[in-house]
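The values are calculated or read from the model by the stated rules, or taken from the named source; none is laboratory data. Computed from a predicted structure; not experimentally measured. Glycine gets a Cβ as well: all are built from the backbone with ideal geometry, and neighbour counts include every protein chain shown.
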Amino acid sequence: MRDIIITMIILGLLPMVIKRPWTGTVVWVWLAMMIPYRLAYGFARGLPFAMIVAICTLIGIVAMRPKMAWPKSSVKTVYLLFIGWMFVTSIFALNSSDKVIAQLVTVLKIHFMVMLAVALIHERKQLEVLVWTLVGSLAFYGVKGGLFTIASGGSGRVWGPSGGVIEGNNELGVALVVILPLLFYLYQITEKKWLRRGLLFSGLVTMLCVLGTQSRGALLAIVSMACMLGLKSRRPVLTLVAIVMVLGVAIVFMPDSWNKRMNTIQDFQADGSAMSRLYTWTTLWNCAVDRPLVGAGFGTDNPLVFRLYGPAIEVGGYDFAGGQVLVAHSIYFQALGEHGFPGLALFLLLGVVTWTRASAVSSAAAKAPDLAPWLPLLMRMAQASLLGFAVGGAFLTLVHFDLPYYLCAIVMIADHMMKKVQAQSSSPSAAATGSALPAH
């Protein structure tokens, strides 16, 4: 029954996707973030829903010819350079060509749909539908996991949806940290009381879920994000105090098993998981030093990379024989190991220009009556989300996760909207209209 319901919902959305192609990018986000077909148990789990939605979106673009814009932006420039560099590193990859091509195609699908969203979404309503979809898709697991955390007294570990990028507890924890500022944004702009209460409940329970994942990286990420969220909100002190109180009370009631796991952050040398990360990072560093321009290409978790560059060392009582294969466990070392120093530089630069552009848009939009106060608030929350990903991602292999790139898309769309309003206000017709207004 669940398979039939999910299939009918997705297929029922296809006429709307063809008629309004921008909705196709939003449906794609829902499928990528929530992976609803993984909630089924039968035939729906294997159907290519994402591909069907993408094809219908392209059909809609050809048939309906919607207005498309590729706004000039420093974010877009760096973004495209990063994608282009991944093409280059794929040519010189150490992994087998079949695996490299498969991964490159998967990555290109993600970035193609992100850029398609940037081209098709031009209005506030459309942008907020995108934000609602991002938040709702992941908050579903946040609320579900938060209730489980309450029911289990914090002793049970929360995991993400099977078969997706956020299947692991660590990945789910960081993804939830990233969407919390966006959830806060929706809470601030929503006027209906019942919806505001629902968002408040979802935010509080999602924070509990982050703790319930028992992810040390997510804990560091939520603390960092909470500080930034407080600073970027309309009432910095009150917001920061409220968040600290909620997290503090939640941590106090977590069981001893949770506290013992979090305490390994201080005594990392006694933790095998932490030491395996140091071993992997050393391997990827050695690879990047030997191949500084192109790295190893997609798929550094292959025997050849670790056989060539893995150190045969014993660290903290843990023996890591050269050749033991592990994943990167860090977005920074993943970018470095896969795409060399230029790839890491572009990846970091993308985050920096997105951050700085969000600041510029926030400042400019604050002076525009049509954009203030909602757009400046959205830009500040996007910055808080970026910080959460930057901190939490330091311990996870998430360079090719869709979510942070949709933060880039949100900033690019907002930048385009802001520039359009500025152009309209400075146009001769607008100036003439303004000069014709009677003086008060």
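Could you say which residue among L219, L247 is surrounded by fewer than 21 Cβ atoms within 10 Å (Cβ to Cβ) and farther than 23 Å from L31 by Cα?
Matching residue, one of L219, L247: L247.
Quick grid of which residues meet (1) touching a Gly at 6+ places or on another chain (Cβ under 8 Å); (2) modelled with pLDDT of 90 or more; (3) not charged (D, E, K, R):
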position	(1), (2), (3)
L172	yes, yes, yes
L182	no, yes, yes
K193	no, yes, no
G198	no, yes, yes
M207	yes, yes, yes
L211	yes, yes, yes
S224	yes, yes, yes
R235	no, no, no
T239	yes, no, yes
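(1) more than 20 Å from S362 (Cα to Cα); (2) surrounded by 22 or more Cβ atoms within 10 Å (Cβ to Cβ): which one isn't true of Y185, the others all being true?
Y185 satisfies all of (1) more than 20 Å from S362 (Cα to Cα); (2) surrounded by 22 or more Cβ atoms within 10 Å (Cβ to Cβ) except (1).
Among the residues of segment 408-422, how many are more than 12 Å from E128 (Cα to Cα), among the aliphatic types (A, V, I, L, M) and in contact (Cβ under 8 Å) with a residue 60 or more places away in the chain?
Quick first cut of segment 408-422, residues more than 12 Å from E128 (Cα to Cα) only: 408-409, 411-412, 415-422.
Keeping just the survivors that are among the aliphatic types (A, V, I, L, M) gives 409, 411-412, 417-418, 421.
Those left that are additionally in contact (Cβ under 8 Å) with a residue 60 or more places away in the chain: 409, 411-412, 417.
Of the residues in segment 408-422, 4 are more than 12 Å from E128 (Cα to Cα), among the aliphatic types (A, V, I, L, M) and in contact (Cβ under 8 Å) with a residue 60 or more places away in the chain.
Sort through V205, V177 and tell me the only one that's closer than 27 Å to W258 by Cβ and crowded, with 24+ Cβ neighbours inside 10 Å.
V177
For L94, indicate whether it is out of contact with any His (no Cβ under 9 Å at 6 or more places or on another chain) and more than 28 Å from L180 (Cα to Cα). Reasoning before the result, please.
On the way: out of contact with any His (no Cβ under 9 Å at 6 or more places or on another chain): yes; more than 28 Å from L180 (Cα to Cα): yes.
In short, yes.
Which pairs have Cβ atoms under 6 Å, sit 6 or more apart or on different chains, and link a residue in segment 351-369 that is buried (at least 19 other Cβ atoms within 10 Å of the Cβ) to one that is among the β-branched types (V, I, T)?
Within 6 Å, the pairs are V353/V75; V353/V78; T354/V75; T354/V411; R357/V75; R357/V411; A358/V411.
Residues of segment 161-173 being touching a Phe, Trp or Tyr at 6+ places or on another chain (Cβ under 6 Å) and either in a loop (DSSP other than H, G, I, E, B) or among the charged types (D, E, K, R) (or both), which ones?
Selection gives V165 alone.
Out of V158, V118, V129, report the one residue that is more than 24 Å from V78 (Cβ to Cβ), buried (at least 19 other Cβ atoms within 10 Å of the Cβ), more than 15 Å from the chain's Cα centre (by Cα) and among the β-branched types (V, I, T). Don't jump to the end; show me each part of the working.
Working: V118 fails: more than 24 Å from V78 (Cβ to Cβ); V129 fails: buried (at least 19 other Cβ atoms within 10 Å of the Cβ).
One residue alone meets the criteria, V158.
Within segment 53-71, does at least one residue satisfy the condition of being touching a residue at least 24 places away in the same chain (Cβ under 8 Å), touching a helix residue (DSSP H, G or I) at 6+ places or on another chain (Cβ under 6 Å) and within 27 Å of D301 (Cβ to Cβ)?
The answer is no, given that none of the residues of segment 53-71 is touching a residue at least 24 places away in the same chain (Cβ under 8 Å), touching a helix residue (DSSP H, G or I) at 6+ places or on another chain (Cβ under 6 Å) and within 27 Å of D301 (Cβ to Cβ).
Please go through segment 174-191 and pick out each residue that is part of a helix (DSSP H, G or I) and among the polar types (S, T, N, Q).
Scanning segment 174-191 gives a single hit, Q188.
With within 30 Å of S426 (Cα to Cα), hydrophobic (A, V, I, L, M, F, W, C) and either over 26 Å from the mean Cα position of the chain (by Cα) or modelled with pLDDT under 95 (or both) as the only criterion, which of A274, A368, A382 stands out? First the steps, then the outcome.
Details: A274 fails: within 30 Å of S426 (Cα to Cα); A382 fails: either over 26 Å from the mean Cα position of the chain (by Cα) or modelled with pLDDT under 95 (or both).
The unique qualifying residue is A368.
Is there a residue in segment 90-106 that is more than 22 Å from the chain's Cα centre (by Cα), outside any helix (DSSP H, G or I), crowded, with 20+ Cβ neighbours inside 10 Å and small (G, A, S)?
Yes, that holds for at least one residue.
Just the residues that are within 21 Å of V114 (Cα to Cα) and within 25 Å of the chain's Cα centre (by Cα), please, taken from segment 38-66.
P48, F49, A50, M51, I52, V53, A54, I55, C56, T57, L58
For segment 373-382, give me each residue that is touching a Phe, Trp or Tyr at 6+ places or on another chain (Cβ under 7 Å) and either surrounded by fewer than 23 Cβ atoms within 10 Å (Cβ to Cβ) or not in a helix (DSSP H, G or I) (or both). Steps first, please.
Filtering segment 373-382 for residues touching a Phe, Trp or Tyr at 6+ places or on another chain (Cβ under 7 Å) gives 377-378, 381.
Selection gives L377 alone.
I110 fails exactly one of the following numbered conditions: (1) under 30 Å from E338 (Cα atoms); (2) not in a helix (DSSP H, G or I). What is the number of that condition?
Condition (2) is where I110 drops out.
Of the conditions (1) part of a loop (DSSP other than H, G, I, E, B); (2) surrounded by fewer than 23 Cβ atoms within 10 Å (Cβ to Cβ); (3) not charged (D, E, K, R), V391 fails just one. Which one is it?
(1)
Search segment 67-82 for residues being modelled with pLDDT of 95 or more and surrounded by fewer than 17 Cβ atoms within 10 Å (Cβ to Cβ), and hand back the single one that is nearest to F341 (Cα to Cα).
Restricting to residues being modelled with pLDDT of 95 or more and surrounded by fewer than 17 Cβ atoms within 10 Å (Cβ to Cβ), the top hit is L81.
Among the residues in segment 33-56, are any of a type outside the set (K, R), crowded, with 20+ Cβ neighbours inside 10 Å and under 26 Å from L349 (Cβ atoms)?
Looking for residues that are of a type outside the set (K, R), crowded, with 20+ Cβ neighbours inside 10 Å and under 26 Å from L349 (Cβ atoms), one finds at least one in segment 33-56, hence yes.
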